[in-house]
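The numbers here are math on the coordinates, done by the rules we state, and not lab data. Being a predicted model, the structure only gives us computed values, none of them experimental. Every residue, glycine among them, receives a Cβ derived from its backbone with ideal geometry; neighbour counts consider all protein chains shown.
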Amino acid sequence: MTDTSGRPVLYYIHDPMCSWCWAMAPILNEFIRKIPDDIEFRKLLGGLAPDTDEPMSEDLREMVQSSWRRILQHVPDTELNFAFWTDCVPRRSTYAACRAVIAARMQGADYEEAMNTAIQRAYYTQARNPSEESTLVALAGEIGLDVDRFREALHSEDVQQALEAEIAQAREMDVESFPAIVFRDHKGVRPILVDYTDARPMLAAIDAALKKSAEA
């Protein structure tokens, strides 16, 4: 899929409660700034874990905490507050956080990233649980959203359908883990290998994809 001007599209597929997405956040900002102008950049919410009221099992809690520890080995500057695991009741449920990002977006494009970042900071640095609606509503107020409008949107069919559409698009591109970067042009899709500490290899891969796209 290309945009309406015929340019290739670069997709960043993520989830606000994906710990590796949080680890990538600093390098992602640099990466986005350096993407060539002849590429359309879009973000998609991939939906890591569907809605559930069930607490995480002990095995799942250990699996996620092990992932956090691997992040600290590979991206050591990442801030991760392990107090979350004792102060909160974790649930393997991220769709509400994804809907919150979309609901924020409906009040202005700038609020999308503001909400995503607020969720990440709450979860990973402040030991607050974004699987809880009360946390998401509090964050909406903290970033300056109309809270009543946000709360209504959070439960709306429009937001749910938007999330389902983004998840479906990610799956159609064979994205199964996050974060993921996909280059798409008239020839099809090409995954870009994610680098958590250096934007240059990803930018080089995009340049190579652009050259292939321009070939007859």
Only listed residue being surrounded by 14 or more Cβ atoms within 10 Å (Cβ to Cβ), among the charged types (D, E, K, R) and within 30 Å of Ala83 (Cα to Cα), chosen from Glu112, Glu176: Glu112
Selection from the range 52-66 of residues that are surrounded by fewer than 14 Cβ atoms within 10 Å (Cβ to Cβ) and closer than 24 Å to Ile13 by Cα: Thr52, Met63, Ser66
Residue among Ala140, Ala100, Ala153 that alone is within 17 Å of Cys21 (Cα to Cα) and surrounded by 19 or more Cβ atoms within 10 Å (Cβ to Cβ): Ala100
Hey, Pro191 surrounded by fewer than 18 Cβ atoms within 10 Å (Cβ to Cβ) and not in a helix (DSSP H, G or I) or not: yes
Test: Glu164 is of a type outside the set (S, T, N, Q), out of contact with any His (no Cβ under 7 Å at 6 or more places or on another chain), surrounded by fewer than 20 Cβ atoms within 10 Å (Cβ to Cβ) and in a helix (DSSP H, G or I): yes
Every pair of residues 6+ apart whose Cβ atoms lie under 9 Å, when the first sits in the range 36-63 and is aromatic (Phe, Trp, Tyr) while the second is assigned to a loop (DSSP other than H, G, I, E, B) and surrounded by fewer than 18 Cβ atoms within 10 Å (Cβ to Cβ): Phe41/Ile35
When residues of the range 85-135 are limited to those that are assigned to a helix (DSSP H, G or I) and charged (D, E, K, R), the one farthest from Asp158 (Cα to Cα): Asp87
Residues of the range 116-169 that turn out to be without any contact (Cβ under 8 Å) to a residue 12 or more places away in the chain and of a type in the set (Val, Ile, Thr), as a count: 1
